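Colleague: The structure's right below; bear with me while I get my questions together.
The values are calculated or read from the model by the stated rules, or taken from the named source; none is laboratory data. Treat the numbers as computed from the prediction; the structure is a model and nothing was measured. FYI the Cβ positions are ideal-geometry reconstructions off the backbone, even for glycines, and counts take in every protein chain you see. Keep in mind that these areas ignore ligands, DNA and RNA; they rest on the heavy atoms of the full protein, side chains included. Shrake-Rupley method; radii C 1.70, N 1.55, O 1.52, S 1.80 Å.
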Amino acid sequence: MQFWLPLFLGVALALCLPPTPLGFLAPLPLIWLLTRGGFRFGLLAGIGFWAVHLVWLPLSFVVLFETPWGAVPYLPLVLIKAAIWGVVFGLTRGKPLARAGLWVVQEYLTSLGEVAFPWGFLGYALVDAPGRVVASLGGVYLLSLLVLGVALGLYFAGRRALGGRVVFSYHSLGLLGTLLFWGGLWFLPLPATQGSLTALLVQGNINPLRKLEGLSAQQTYLELTLKGLQAHPEAQVVVWPETAVASFPPELPALLGSRELLSGLETGFTNRAVRVVGGQITHFYDKNRLVPFGENFPWSEALRPVYRFFFRAFGFDGDLGSRTPGTAYTPLDKYGAFICYESVFPAVARRLVLNGAEVLELGSNDAWYGPSFGGLQHFQMGRLRAVETGRWLLRAGNDGVTAIIDPFGRVTARIPQREAGFLAGQFALLKSPTPYVRWGDWAVVLAGAWVMLGLRIRTKGTIV
């Protein structure tokens, strides 16, 4: 049990996060994860969690690159993430409140730096619950605190209520209140939303490896856009996904007329999103948060032999150079365009809205995830950016998920993955900032206060 229990709890928690619909069960494994063990317990729980949560990585790379070497990066990533859990558990042994706070602090820290990988946040357990609207107050970090807080409430109230002799005590009422609060987050009624504008989102379903070999996708996007506009001539804006084309064909202005086009543009140096009107690029945005070891190659000099080995194993000739990151979060006129990996960084969408974005537009190329559930997991996490900023989100994916999300996080329109097609749906322009946009990641400061308070409540334990 000393070995299997933390592994089991980690796996159980992973199954409570996207893309599964089991988020309502998340507090249950957390009751034990917050109250037991030290470094070794956390390390084993982390291995169980990350091995399941990130299993899309080997499933994607092995199939996409047609080589078993695609599974190799998976093991060190799981061990590194699990070791971070071990440190959190070791520093907070016997201190549940401090562990809950430090858990959220480490979530925030994983979103910083050149090798940031902000996956596995507990707040995403609420992405399918109407209670996700709380993210408009304090972002996904506040949702994480809610999930952890409910687990703590169930533990403390439940332990004393079940151990007492009085049926109707303060502790039993506290347990009931915690359960009602958690249930309320899943049945909270949300107001209706109505869009006044129509967008046409195009899903080309192009193999990304064939594009690297020189395949042009211009004709595919022209034909799909033509069919879409014939079916929905009322559309005012057309959206193409990340790196949809390397240049725009001469037929485009006549096809679009007075409509706007928001598209990913492959420049060879930057990952760019542009706004096109009348055949001319009026605005552009270069991706700021680059994918580590995919678009950006840290420590390239020291790791050059390693990079070269994997490039050859994946079928690439020569060395892959890092892309040039953007230097500002500037909207494309009223559109807050951000690109693929940036959708898991709450700060990116927030800064775009602070700079004037009235609607969010996300271009993505999740075909890199192959047949795994990684693309769906990525989509579910990105949904929360609409809630945090109080903006509609237009999401165009190369092979999906292509969808429109309202400011409450509801998916109002969507088409199937891995099929070429188009999606027409309504959205609206909004200007009012949410409390999260105004005040940012204050929930992380609150989490830090939990750490300090929790350390004072219990005597310091030994890290084992």
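Colleague: Pulled fully out, how much extra length does the chain show between L215 and E419, if you take 0.36 nm times their separation in residues and subtract their Cα-Cα distance?
Modeller: Numbers: separation 204, 0.36 × 204 = 73.44 nm, distance 1.80 nm.
Here the answer is 71.6 nm.
Colleague: Now for a separate question. Give me the 1.4 Å probe accessible area per residue for the chain, excluding ligands and nucleic acids, in Å².
Modeller: Numbers: 19830 Å² over 464 residues.
Per residue, the chain has an accessible area of 43 Å².
Colleague: Once you order the gyration tensor axes a ≥ b ≥ c over the Cα atoms, which shape class does the range 333-461 get: rounded for a/c under 1.5, otherwise prolate or oblate by comparing a/b with b/c?
Modeller: oblate
Colleague: How many percent of DSSP beta bridges within the chain run antiparallel, rounded to 5?
Modeller: Values: 27 of 45 bridges.
Roughly 60 percent of the beta bridges in the chain run antiparallel, per DSSP.
Colleague: Give me the lysines in straight-line cross-link reach of K431: C-alpha distance below 22 Å, same-chain residues under 8 apart excluded.
Modeller: K334
Colleague: Another question, if that's okay. Largest first, how would H53, H283 line up by accessible area (1.4 Å probe)?
Modeller: Values: H53 10, H283 60 Å².
Ranked list, largest accessible area first: H283, H53.
Colleague: Moving on. Suppose every K and R has +1 on its Cβ and every D and E has -1 on its Cβ; what is the size of the dipole of the range 56-191 about the Cα centre, in Debye to the nearest 20?
Modeller: Numbers: 8 positive and 4 negative charges, 153 e Å.
The calculation lands at about 740 debye.
Colleague: Please arrange D286, D333 by accessible surface area, largest first, computed with a 1.4 Å probe and ligands excluded. Before the final figure, lay out each step's value.
Modeller: On the way: D286 25, D333 70 Å².
Largest to smallest exposure gives the sequence D333, D286.
Colleague: Restricting to the range 352-464, what percent of DSSP beta bridges are antiparallel, rounded to 5? Each step should come with its number before you reach the end.
Modeller: Values: 6 of 11 bridges.
Given both bridge residues lie in the range 352-464, the antiparallel proportion sits at roughly 55 percent.
Colleague: Okay, helix-only estimate at 222 nm for the chain: each DSSP H run of n ≥ 4 adds -39500 (n - 2.57), divide by all residues, round to 500 deg cm²/dmol; what do you get?
Modeller: Details: 16 runs with 204 residues, N = 464.
Here the helix-only value at 222 nm equals -14000 deg cm²/dmol.
Colleague: How tilted is helix 74-91 with respect to the longest principal axis of the chain? Cα atoms for both, answer in degrees (0 to 90, nearest 10).
Modeller: 40 degrees
Colleague: Let me ask another. Would you tally the net charge around A199, using a Cβ to Cβ cut-off of less than 12 Å, leaving A199 out, and scoring K and R as +1, D and E as -1?
Modeller: Neighbourhood net charge equals -1.
Colleague: In the range 179-246, what GluC sites (Glu not before Pro) fall in a loop by DSSP, with at most 12 other Cβ atoms inside 10 Å? Present the calculation step by step, with values, prior to reporting the outcome.
Modeller: Working: sites: E213, E223, E234, E242; in loops: E213, E234, E242.
Those that pass, being in a loop and sparsely packed, are E213, E234.
Colleague: Are there any GluC sites (Glu not before Pro) in the range 43-122 that are in a DSSP loop and have at most 13 other Cβ atoms within 10 Å? List them by number. Mind dumping the intermediate values first?
Modeller: Numbers: sites: E66, E107, E114; in loops: E66, E114.
Sparse-neighbourhood loop GluC sites (Glu not before Pro): E66, E114.
Colleague: I'd like the antiparallel share, as a percent to the nearest 5, of DSSP beta bridges with both residues in the range 205-276.
Modeller: Numbers: 6 of 10 bridges.
Antiparallel bridges: around 60 percent, rounded to the nearest 5.
Colleague: Determine the order of W442, W103 by accessible area, beginning with the largest, at a probe radius of 1.4 Å.
Modeller: Working: W442 90, W103 5 Å².
So the residues, ranked largest to smallest area, are W442, W103.
Colleague: With θ set to phi - 60° and the Karplus curve 6.51 cos²θ - 1.76 cosθ + 1.60, what are the ³J(HN,Hα) couplings of the range 23-31 in order, to the nearest whole Hz, using x for Gly and Pro?
Modeller: Values per residue, Gly and Pro as x: x, 5, 8, 4, x, 5, x, 5, 4 Hz.
Colleague: Would you please give the residues with an amide H less than 5 Å from that of H283, counting only those at least 5 places away or on a separate chain, with H modeled from the backbone geometry?
Modeller: Long-range HN contacts for H283: R275.
Colleague: Still on this structure, I have one more. Could you give each residue of the range 275-286 its phi-based ³J(HN,Hα) in whole Hz, using Karplus coefficients 6.51, -1.76, 1.60 with θ = phi - 60°, and x for Gly or Pro?
Modeller: 10, 10, 9, x, x, 10, 6, 9, 9, 9, 9, 9
Colleague: So, one more: Computed from the coordinates I sent, Cα extents along the principal axes in Å equals one of (1) 91, 54, 47; (2) 68, 55, 51; (3) 79, 54, 34. Tell me the label.
Modeller: Comparing each candidate, only (3) matches the computed number.
Colleague: Another one. Multiplying the sequence separation of F316 and Q2 by 0.36 nm and subtracting their Cα-Cα distance, what value in nm do you get?
Modeller: On the way: separation 314, 0.36 × 314 = 113.04 nm, distance 4.48 nm.
Value of the extension gain: 108.6 nm.
Colleague: Where in the range 102-122 is the amide nitrogen less than 16 Å from a point lying 7 Å along the Cα-to-Cβ axis of V291?
Modeller: 115-119
Colleague: Give the cross-link partners of K287 among the aspartates and glutamates, using a straight C-alpha distance below 18 Å as the criterion and excluding same-chain residues fewer than 8 apart.
Modeller: Partners within reach: E114, E242, E266, E295, D333, E342, E361, D366.
Colleague: Full extension from R410 to L109: what is 0.36 nm times the residue separation minus their Cα-Cα distance, to one decimal in nm?
Modeller: On the way: separation 301, 0.36 × 301 = 108.36 nm, distance 2.83 nm.
Extending this stretch completely gives an extra 105.5 nm.
Colleague: Please list 3J(HN,Hα) in residue order for the range 326-342, calculated via the Karplus relation 6.51 cos²θ - 1.76 cosθ + 1.60 where θ = phi - 60°; whole Hz, with x for glycine and proline.
Modeller: Calculated HN-Hα couplings, in order: x, 10, 7, 9, 9, x, 8, 6, 8, 9, x, 7, 9, 10, 6, 4, 5 Hz.
Colleague: So what is the relative contact order for the range 94-220, in percent, with contacts set as C-alpha pairs under 8 Å and at least six apart? It would help to have the intermediate numbers written out before the result.
Modeller: Working: 88 pairs, mean separation 26.1, N = 127.
Once normalised by length, the contact order is 21 percent.
Colleague: Considering only protein heavy atoms and a 1.4 Å probe, what is the carbon-and-sulfur percentage of the accessible area of the chain? Display every interim value, and only then the final one.
Modeller: Values: 12850 of 19830 Å².
Accessible surface attributable to carbon and sulfur in the chain totals 65 percent.
Colleague: Continuing with the same structure: Would you please give the FRET efficiency between N207 and L180, computed as 1/(1 + (r/R0)^6) with r the Cβ-Cβ distance and R0 = 60 Å, to the nearest 0.05?
Modeller: Numbers: r = 50 Å, r/R0 = 0.83.
So, using R0 = 60 Å, E works out to roughly 0.75.
Colleague: Round to the nearest 10 and report in Å² the accessible area of M452, as given by a 1.4 Å probe over the protein chains' heavy atoms.
Modeller: Solvent-accessible area, nearest 10 Å²: 120 Å².
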